[in-house]
Amino acid sequence: MTVTQSGIQHVLIAEDNPDDALLMRRGAGQAGISGEFHVVQDGDEAIEYLEGKGRYRDRTKFPAPNLIMLDLKMPRKSGLEVLDWLRRHPELRVVPTIILTASMIPEDVKKAYDLGANTYFVKPSNFADLVTMLKLVHDYWAHAQKPSREL
């Protein structure tokens, strides 16, 4: 894994709302997260990025993420479909995957955890709460022990 004590290095954000993606990037900066953020707009694009295929095949420009943040309600493939895909790819199952969505539907929460999500957050209603949440995510995953992708 490439999560270190100094922070999260590569984050894949799957978010179809460009305003939400921009707020997440700005919030991460405010939270002191200095990693690189790569934003994709739907589940199909997230899988293409994770596979390192198509426009994402250059891993120097599009490195494998060490943290994935997924919206649930995206076009083409939903966040739940991406989680299902991740579950079938053991080399990627070790990458911490966080759901960040507007959905508070209990069935969505259960299904996300059943499919392997590490955490489920409802999108905060204001920027200050988003910064607080991102700092919490960073601090937790920067210190948590994680298995190597090679194991």
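Below are the figures for this structure:
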read-out: Conditions (1) under 16 Å from the mean Cα position of the chain (by Cα); (2) more than 19 Å from Trp141 (Cα to Cα); (3) small (Gly, Ala, Ser): number failed by Ser125; value: (1)
read-out: One residue from Ala102, Ala144 being out of contact with any helix residue (DSSP H, G or I) (no Cβ under 8 Å at 6 or more places or on another chain), on the phi < 0 side of the Ramachandran plot and open to solvent by 40 Å² or more (accessible area, probe 1.4 Å); value: Ala102
read-out: Subset of segment 67-84 [of a type in the set (Asp, Glu) and not in a loop (DSSP other than H, G, I, E, B)]; value: Glu81, Asp84
read-out: Subset of segment 105-131 that is in contact (Cβ under 8 Å) with a residue 60 or more places away in the chain and not in a loop (DSSP other than H, G, I, E, B) - its residue that is surrounded by the fewest Cβ atoms within 10 Å (Cβ to Cβ); value: Phe127
read-out: Selection count, segment 26-43, where residues are assigned to a helix (DSSP H, G or I), surrounded by 17 or more Cβ atoms within 10 Å (Cβ to Cβ) and free of Cβ contacts under 8 Å to residues at least 60 places away in the same chain; value: 1
read-out: Tally of residues being part of a helix (DSSP H, G or I) and under 14 Å from the mean Cα position of the chain (by Cα) across segment 86-96; value: 3
read-out: Test: residue in segment 15-25 that is open to solvent by 30 Å² or more (accessible area, probe 1.4 Å), under 19 Å from Ser125 (Cα atoms), part of a helix (DSSP H, G or I) and touching a helix residue (DSSP H, G or I) at 6+ places or on another chain (Cβ under 8 Å); value: yes
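Results for (1) of a type in the set (Lys, Arg); (2) over 24 Å from Thr119 (Cβ atoms); (3) modelled with pLDDT of 95 or more, shown as yes or no for each residue.
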site: Gly43; (1), (2), (3): no, no, yes
site: Tyr56; (1), (2), (3): no, yes, yes
site: Thr60; (1), (2), (3): no, yes, no
site: Pro63; (1), (2), (3): no, no, no
site: Asn66; (1), (2), (3): no, no, no
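The values are calculated or read from the model by the stated rules, or taken from the named source; none is laboratory data. Computed from a predicted structure; not experimentally measured. All Cβ positions, even for glycine, are placed from backbone atoms using ideal geometry, and neighbour counts span all protein chains on display. With ligands, DNA and RNA removed, areas are computed over all heavy atoms of the protein, side chains included. Shrake-Rupley method; radii C 1.70, N 1.55, O 1.52, S 1.80 Å.
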